[in-house]
Amino acid sequence: MDTILLLLVTGIGLGAVYFLVASGLSLIYGLMGVLNFAHGAFLTLGALIGWETARVMGADSWGGFALSLLVGCLVGALLAALTEFVLIRPLYERHIEQVLVTVGLNLAAIALFEGIWGTDPVFIQGPTWMGMTTNILGAQVPNHLFITILIAGLVLAGMVLFLKRTRYGMIIRAGVENRSMVTALGIDVRRAFTLVFTIGGAAAGIGGVLASHYFGYVSPLLGGSLLIFAFIVTVIGGLGSLAGAAVASVLVGVLQQFANYFWSIGDFVVVILLAVVLLTRPSGLMGRKVATA
Amino acid sequence: MSTTVQRTPAPVPAGGTHPAPVLSVRNLKASIGGQQVVEDVTFSVPATGITALLGRNGVGKTSTIKAILGLIHRDAGTVELQGQPIQALPTHRIVQRGVGYVPEDREVFAGLSVAENLRLSERDDHPRRELVESLFPDLVKRAQQAAGSLSGGQQQMVSLARALMNENRVLLVDEPTKGLAPKIVGEVADALEEAAKTVPILLVEQNLAVVRQLAAGAIVLSDGHVVHTTDSATSFLEDDTLVTRHLGVGTGPAHEGA
């Protein structure tokens, strides 16, 4: 029982990290039709600079941790906004080129990060409490999981509020459905493009800092490995659906933990799940139906 | 000085030019994915009333509208809105200058509420909410309902309401009665007639009874070209030879319905 509970919480924690990456991917694809392969770079830079910040401030202090989250968030947002503005925007409506440029940016970014921080993982620490565990019904649950789940929950709530309550949120929801009709109402949808990139980058930056605490290290390759699962989560949840990304993140995270613990085939099971979803519900769990001409 | 060689003007019959038209389209060519769908179209839309854009299925009526709005790629030609060229502007700028659009198939945002669909269309601080609410009282009742859950007729009301929310210089309305029940067709036609009192409309419409009720002039497309223009849509529709040749249909009782 305690093992089951521990696996469940660990899985939800992993799902929380996936969500922070997948939410941005899903919104960006939904609105712009761009699969953003550079999303992992946003996360990695957030994690690396977040860790540098925490180290300067004192890695075991709560202030250092909080500041590292804030800095990670800002760094991710800034890099994402810059990416959209400098690389994506000039290739407006040229989706294949847009995807290729994100692939290129990702490769270049990883090489740059390796040049600066080296290829080896750097083991990190946070506030002492986060390194300890809490006993829940016999399960010794690492405390950092609570923080990760809490923050991902707050990010989800913030995104939902933004999408539901603000004009730009409304433009993004409408644009995910039908981008050209948004422009035909006299709205410059490209501003929303920069916005979803910025929001997605901010979430990925926070995800980077939290992921580094989840895995216990930072590395230039942190983003790449998470990005693959985030893509899978995005497809399973339904491209363009925030709720879908949230549900699929937790589903994939939990499934992966259980399959890993009992049969050591976590990654395999996730790919099988992806195949099953694609075969039975090609538009994902909560994706809109593929538009017909 | 040598005389300039006069280019042969496009064969536009009388009635094709209007004093101070709201919209002038000259030699417009447009393509979708490299395939030319509008081949050299020239016409103008008078500054009052409803002008019908007619033609068989697939002659490029919808493409012409989309090309005017920049929703498809314009290869050549000019489009002037009250004398100002707009052919190089992106879609949202064209719309901001006062071109309202009611697309074929309505294109409401299904996941957004009716109220959100309308709010999204408000371009400035003076949305004409009262006008829209008086024209479509049904939409007020359904403000919080998801637009995707409405009937086709109600969705058309949302689509029309979005275009009427702002003060426009011209409306481009594409097949507003397509797929609607006869009773609803009448309501849509009445709403357009009401709207036309304040804004000129270029109307693509297959239902000839509706055209007869609403349209003053008509522009007829065939094979991507304008083949006929008239100041009197009614007289055009009464000429069986012309109608059969250009629209491929008779004007018998079957088309008098609705």
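Please give the number of the condition A:Leu163 fails out of (1) in contact with a Gly (Cβ under 6 Å, 6 or more places away or on another chain); (2) over 25 Å from A:Asn36 (Cα atoms).
(2)
Could you tell me whether any residue of the stretch B:168-184 is under 22 Å from A:Arg167 (Cβ atoms), within 14 Å of chain A (Cβ to nearest Cβ) and not in a helix (DSSP H, G or I)?
Yes: the stretch B:168-184 contains one or more residues that are under 22 Å from A:Arg167 (Cβ atoms), within 14 Å of chain A (Cβ to nearest Cβ) and not in a helix (DSSP H, G or I).
Go through (1) more than 25 Å from B:Phe43 (Cβ to Cβ); (2) basic (Lys, Arg); (3) more than 12 Å from every other protein chain (Cβ to nearest Cβ); (4) surrounded by 15 or more Cβ atoms within 10 Å (Cβ to Cβ) for B:Arg74 and report which single condition fails.
Condition (1) is where B:Arg74 drops out.
Report whether or not A:Leu195 is outside any helix (DSSP H, G or I) and touching a residue at least 12 places away in the same chain (Cβ under 8 Å).
So A:Leu195 does not fit the description; no.
The rows are residues; the columns are (1) modelled with pLDDT of 90 or more; (2) within 14 Å of another protein chain (Cβ to nearest Cβ); (3) farther than 28 Å from B:Ala189 by Cβ.
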site	(1), (2), (3)
B:Lys29	yes, no, yes
B:Gly60	no, no, no
B:Thr64	yes, no, no
B:Val79	yes, no, no
B:His92	yes, yes, yes
B:Gly98	yes, yes, no
B:Pro103	yes, yes, no
B:Glu116	yes, yes, no
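For the stretch B:167-192: of the residues being touching a residue at least 60 places away in the same chain (Cβ under 8 Å) and surrounded by fewer than 20 Cβ atoms within 10 Å (Cβ to Cβ), which is farthest from B:Ile68 (Cα to Cα)?
B:Pro182
Would you pick out the residues in the stretch A:157-192 that are more than 10 Å from chain B (Cβ to nearest Cβ) and either outside any helix (DSSP H, G or I) or of a type in the set (A, V, I, L, M, F, W, C) (or both)?
Scanning the stretch A:157-192 gives A:Ala157, A:Met159, A:Val160, A:Leu161, A:Phe162, A:Leu163, A:Thr166, A:Ile172, A:Ala192.
Name the pairs whose Cβ atoms lie under 9 Å apart, with the first residue in the stretch A:44-66 and on the phi > 0 side of the Ramachandran plot, the second surrounded by fewer than 24 Cβ atoms within 10 Å (Cβ to Cβ), and 6 or more positions between them or separate chains?
A:Gly58/A:Gly64
Can you tell me which of B:Thr78, B:Thr48, B:Thr62 is among the polar types (S, T, N, Q), in contact with a Pro (Cβ under 9 Å, 6 or more places away or on another chain) and in a strand (DSSP E or B)?
From the options B:Thr78, B:Thr48, B:Thr62, the qualifying one is B:Thr78.
Considering only the stretch B:185-217, state which residues are aliphatic (A, V, I, L, M), part of a helix (DSSP H, G or I) and under 22 Å from B:Ser235 (Cα atoms).
B:Ala189, B:Leu192, B:Leu208, B:Ala209, B:Val210, B:Val211, B:Leu214
Can you pull out the residues in the stretch A:33-50 that are more than 23 Å from A:Ile96 (Cβ to Cβ) and crowded, with 24+ Cβ neighbours inside 10 Å?
A:Leu43, A:Thr44, A:Leu45, A:Gly46, A:Ala47, A:Leu48, A:Gly50
Yes or no: A:Ala211 under 20 Å from A:Val34 (Cα atoms), surrounded by 24 or more Cβ atoms within 10 Å (Cβ to Cβ) and small (Gly, Ala, Ser)?
For A:Ala211, the condition - under 20 Å from A:Val34 (Cα atoms), surrounded by 24 or more Cβ atoms within 10 Å (Cβ to Cβ) and small (Gly, Ala, Ser) - is not met.
Residue under question is A:Val9, and the condition is that it be of a type in the set (A, V, I, L, M) and modelled with pLDDT of 95 or more; does it hold?
Spelling it out, it is not the case that A:Val9 is of a type in the set (A, V, I, L, M) and modelled with pLDDT of 95 or more.
Inside the stretch A:59-78, can you point out the residues that are more than 15 Å from the chain's Cα centre (by Cα), surrounded by fewer than 22 Cβ atoms within 10 Å (Cβ to Cβ), of a type in the set (A, V, I, L, M, F, W, C) and part of a helix (DSSP H, G or I)?
Within the stretch A:59-78, A:Trp62, A:Ala66, A:Leu67, A:Leu70, A:Val71, A:Leu78 qualify.
Working only within the stretch B:103-159, note down all residues that are in contact with a Ser or Thr (Cβ under 8 Å, 6 or more places away or on another chain), surrounded by 18 or more Cβ atoms within 10 Å (Cβ to Cβ) and in a loop (DSSP other than H, G, I, E, B).
B:Pro103, B:Arg106, B:Glu107, B:Val108, listed by residue number.
Does the stretch A:5-32 hold any residues that are surrounded by fewer than 24 Cβ atoms within 10 Å (Cβ to Cβ) and under 13 Å from A:Gly238 (Cα atoms), and which are they?
If the condition is that a residue be surrounded by fewer than 24 Cβ atoms within 10 Å (Cβ to Cβ) and under 13 Å from A:Gly238 (Cα atoms), then A:Tyr29 is the only one that fits.
The values are calculated or read from the model by the stated rules, or taken from the named source; none is laboratory data. This is a predicted model, so every value here is computed, not measured. With ideal geometry, Cβ positions are generated from the backbone for all residues, glycine too; neighbour counts draw on all protein chains shown.
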